[in-house]
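Right, one structure below, let's go through it.
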Amino acid sequence: MIIPVDRRTKWLIWSLGMLAMEIYRMWTLQQSSSFQDFYNVIAKMDLYMEPPPKVKHCYTNHCPSGYINKIVIPPIFHGGLIDRQYVFDILTNIGSSLCANVYVAHPTIMMKPYHNEQYPPVDESLPWSEFFNISHLDDHSQALYTYFNLSMFDAGNPFVQNATFFKRSEGDATCSDTTADYDQIVQFWRNMQQQPLEHQQGFVWTIQCPKRLFAWFRSIMAILDARANRTQEEAQLQIRSSRLPYHVPGCDYVKSEFSATVKRIAEKVWIKIKKVAGENSLFGTMHIRRGDAAVFCDTSLDALQKYLDCSLQNTSSLSESITFLFSSDEVDMNYRQQVFQLPQKMGSAMSHVKILDLDHFVNETLLEVINAGEEKEWLRNNYIVFAVIGEIQEQTPLRLTKRREYLCNSCDSIAEQYWAVQNNSPYWSYQCNPRQYCGYVVHSKQQGR
C-alpha cells in the first residue's frame, strides 16, 4: 500500500535524515579532531526547523507623495520594552512599505507598570523617541510617532483631512478580519498611486485587537511569506522585524536602533566600567531573567555555576581579563552578590574572569546626568535603564543569557562565540522566536541579540 505524502512532509523526512547524518559526522569528528575543526563543521551547517528561505523579490518602496498614510494603535494593550520594540519594528516595516507612519500611545499607557515599581511614576509626556530611533530607509525620516490624544485621528480633524478610514469594530477583539483589512488597504494604496500626485490622498488605518495582536502579526506574515516566490509585482511588502536575528524571510523598510539619548548615556556608562575593569579587558554581557520567568528557566545559584563552568571553558587563552556585565530584575542583594563571587568560587581556572554589576553602573550614571542637568528628569525610570543595558548588550558580541525556556541553554560557549566573531563566522544556538518557530539562530558581532 502506498501512502501519499505531500511535498512538505517529504522535505521534513529528508531534513531529519540529513540532520541525523550531520550529527553522526560531527560526533565522529569530535572524537578525532581539534576544537576548531569541530566548530568548522557546526559553522557550515544550514539547519532550520522551518523550510529554507526562498529567493525573495522585495517590493520597492516608492513614496513620491511622502509618508501621507497613518497606522494608528489605540491604547489597548501593553507590555515590556523588548516586547514594544518587537511590535514597533513589525508595525513600522508594514507602515513604511505602505508609505505610512505609525502612531502609538505614549509609554505610560503602552508599558507594563510593574517593570517600573522601584522607580518614580513615568512622566506622561515622555515620548517613544527617547527610547527608539526608527526611521524609513529611503529618506531617513521618522517612522514612529507618539500621540497623546487619540481624537487627533477623528474624521474632520485637520490632521487627517481628506483621508480614507479603515477601522475594525471595537468589539472585534480577536482581529478576525484585520488581515482582510490589510489586503483591502494594499489594493487601495496601489490604486491611489496610479493617480497624479496632486490628487493622491492618504488613509488612516486603526488596528484594534488588544488580545490577539501577535496572532495578527503571524497572520500577516503568513500571507506575505505565501507570496514570496511569485513575481515582483505580486510579491509586495515582504516584512520582517529589522532588529531580530531570526531566520525569517522578508525585507526591511526601516532602520531601528536605540535613541541618541540612550546611546549618550551608554557611552558614559562605558567610561565608568573601563575605569574598573581596565581598557584592555574582553567584555561580555550576562543577562539573567528572574521574577516571572524563574518558573520557566532554572536560574538558581547552583544552576548558574554549572552554566558558567561549561560556558567559560577554554577562555583563559582569549584574554588575561574577561569581564561580564551582569543585569537582572533580581532585587535580592544576597543573590546578586553571590553571582558576582561565582568566578572566585570556581577556582584558579576562572581567575581571569570577573562579573560586574551593570545595573548599578547604569543607574548611577543615569542619576548623575539627570542631576547635572545634562538629561531630562523624565528619564528617571526603569525602562530607560533597560534600554541603556540593551544598547550595551548590542555593543558586546559575547553573551551569556538565561531568560524563559527559549533562551535557557545549559551552555553557551564563550570560546566558540569569540572564535566566530574573530573569524566573522556564524555562531549557532538553538532558539525559538516570537513567531513560534524554533531553529538555529545566528549570533555575530553584527547581528547578535
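Every read-out reported here was derived from the displayed coordinates using simple, explicitly stated rules and does not represent laboratory data. The shown structure was predicted, so the numbers you read here are calculated from the model rather than taken from an experiment. Virtual Cβ from ideal backbone geometry, glycine too; neighbours counted across all protein chains shown.
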Would you mind computing, in nm to one decimal, how far apart the modelled labels at Asp292 and Cys310 are, each placed 7 Å from Cα along Cα→Cβ? 2.8
Gyration tensor (alpha-carbon) shape descriptor, region 122-171, a/c threshold 1.5: oblate
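Where does the charge balance sit around Gln338 when Lys and Arg score +1, Asp and Glu -1, over other residues with C-beta under 10 Å from its C-beta?
My count for the surroundings of Gln338 gives +1.
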Flagged links, alpha-carbon separation over 18 Å, of Lys112/Lys255; Lys263/Lys402; Lys112/Lys376; Lys272/Lys402; Lys306/Lys354; Lys112/Lys167: Lys112/Lys255; Lys263/Lys402; Lys112/Lys376; Lys272/Lys402; Lys112/Lys167
Lys, Arg +1 and Asp, Glu -1 on Cβ, resulting dipole of region 112-164 about Cα centre, debye, nearest 20: 100
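Subtract the Cα-Cα distance of Lys255 and Ile109 from 0.36 nm times their separation in residues, and report this length gain in nm to one decimal.
50.1 nm
State the extension gain, in nm to one decimal, for the chain segment bounded by Gln161 and Asp83, taking 0.36 nm per residue of separation less the distance between their alpha-carbons.
Residue separation times 0.36 nm, minus the Cα-Cα distance, leaves 24.8 nm.
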For Lys263 and Phe340, what is the calculated FRET efficiency with R₀ set at 30 Å and r taken between the beta-carbons, to the nearest 0.05? 0.65
Near the amide H of Phe165, under 5 Å away, which other amide H atoms are found, from residues 5 or more places off or on another chain, if H is placed in the peptide plane? Val204
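Using a Förster distance of 56 angstrom, determine the FRET efficiency expected from the C-beta separation of Asn371 and Ser317, and round it to 0.05.
Computed FRET efficiency for Asn371 and Ser317: 0.80.
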Spin-label point model (7 Å from Cα, Cβ direction): what's the Ser348 to Leu197 distance in nm? 7.5
May I ask for the net charge around Ser125, where only other residues with Cβ less than 14 Å from the Cβ of Ser125 are counted and Lys, Arg are +1 while Asp, Glu are -1? -2
